[in-house]
Structures are given as structure tokens and as C-alpha cells.
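Everything on this sheet refers to the single structure shown next.
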Amino acid sequence: MRYQPGGGWIELICGSMFSGKTEELLRRVRRSEIARCRIQIFKPQIDHRYGRERVASHNGIFRNDAIILENATSLLDLVELDTDVVAIDEIQFCDRAIADVCQELADRGIRVIAAGLDQDFRGEPFGPMPLLMALSERVDKLHAICVRCGASASRTQRLINGEPARYDEPVIYVGGSESYEARCRACHEIPGKPKVSVAAAPEHVKH
Ligand SMILES: [Zn+2]
């Protein structure tokens, strides 16, 4: 499917964990394959923070074909001249430069399909996602099912040793037993969360 003949664009698939982002990314990749587009798939080097097994569990395509990105700007050198479609999974782990990189690719006429978590475990915007959501031509926000109440889940609950992770826990957790659940706004628990989030706070109090 050509959205804009001869032109590129950016489409973003976002949502919580377990919302089917990677499946949707791969569905679009498969359709591009049927259309005989030349596709390259990428993912950032660090993806183990949110469960490496999930990415690899989808029909093996990532295990076999995904190119690992050391940093966002390295993507520009890795995209081949005849590539029509660039797919990027777990894009929330890329540095913020990925937004300019996606713009550059789209300007070259490439269809960029990206998937990533829109919020971290605190329910706050994740890395480059706000930029990407603003710059993309198309944004789809997918939902999981809340494991507590069955409602539409927009949040990722982080559990450490079975207990809700505190707000001030580092995003990258080393050691101990951590797991994640999909939850709705009402069931999402972040002990110690301030009224004003870091994301919404004035510049001078950000850390
Ligand atoms: Zn719920």
C-alpha cells in the first residue's frame, strides 16, 4: 500500500506492554513484502529491559532479520539505497536523535514504521516517543487488557518481587525479580508518585 506515491512518511505504533505493537509492526511488514517492497528491520541494542523473549517470539523474523542499532544516527548509514520500508521495533529505547533520523528517512521517500512503548513504568512519556508522536503522519495507540479488572489497559505496571515498583526506582533495574503487567489507569500503582510528574514539571526541577 502506497500512502503517498513517491513520498515517504512516518507511522508510529504505540501503547503499553502486551498491546500487540510488535505484531502490528510485523503485520505491516508482511503486507509490504506482498507489495514487493524492500524492507529493513531494526531494533536498538538495549531491548532486554522489557523482556527480550517477546520480541524474539514472533515467527522468528527479528531473530533472523533485525539489524541491531548501536545508536540512532548509525541507522542512516545502515539503510540501503534501494530500501522502501524501514521498520524499527522498541523505538522507545533509541536516543532522541531518532526523531531527526526518521524525518531524514521519510524525506528521502522511505516509509518508516516504528513501534514502541509510549509510557514508562511510571506512566510518564518514554524517551523519544513524544517527539515521534508529534512528527509522525500516523499514530496508532494500541491497548492491552488490564489484568486486574479487564478494562482497556494503557499502562505498564512494573512489579519488583511481586510488589508495585516505587516511582523513584531506576527505569533500568539490575538484579532481583521484576515483571510487568498491563493495567488500566485506575489499577496502575506507582507508590511515591508526585502530583506533578517529572515530564510535566518546569524545566528547572527536571532531573
Ligand atoms: Zn484495571
Determine, for VAL86, VAL79, VAL196, the number of other Cβ atoms within 10 Å of each Cβ, and report the residues in order from fewest to most.
VAL196, VAL79, VAL86
Distance in nm between pseudo-label sites at VAL147 and GLU70 (7 Å out along the Cβ direction from Cα):
3.7
Most exposed first, judged by fewest Cβ atoms within 10 angstrom, THR73, THR22 run THR73, THR22
How high is the FRET efficiency between LEU81 and ILE46 when r is their beta carbon distance and R₀ equals 41 Å, given to the nearest 0.05?
0.90
Net lengthening on full extension, TYR167/CYS37 (0.36 nm per residue, minus Cα-Cα)
42.4 nm
Take the Cα atoms of region 9-142, find their three principal axes, and give me the spread along each one in whole Å, biggest first.
40, 30, 26
Only counting other Cβ atoms within 10 Å, I'd like ARG96, ARG148 sorted with the fewest neighbours first.
ARG96, ARG148
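Just so you know, all these numbers are worked out from the coordinates, no wet-lab data involved. Since the structure is predicted, the reported quantities are computational estimates derived from the model, not experimental observations. Here the Cβ is made from the backbone with ideal geometry for all residues, glycine too, and neighbour counts use every protein chain on show.
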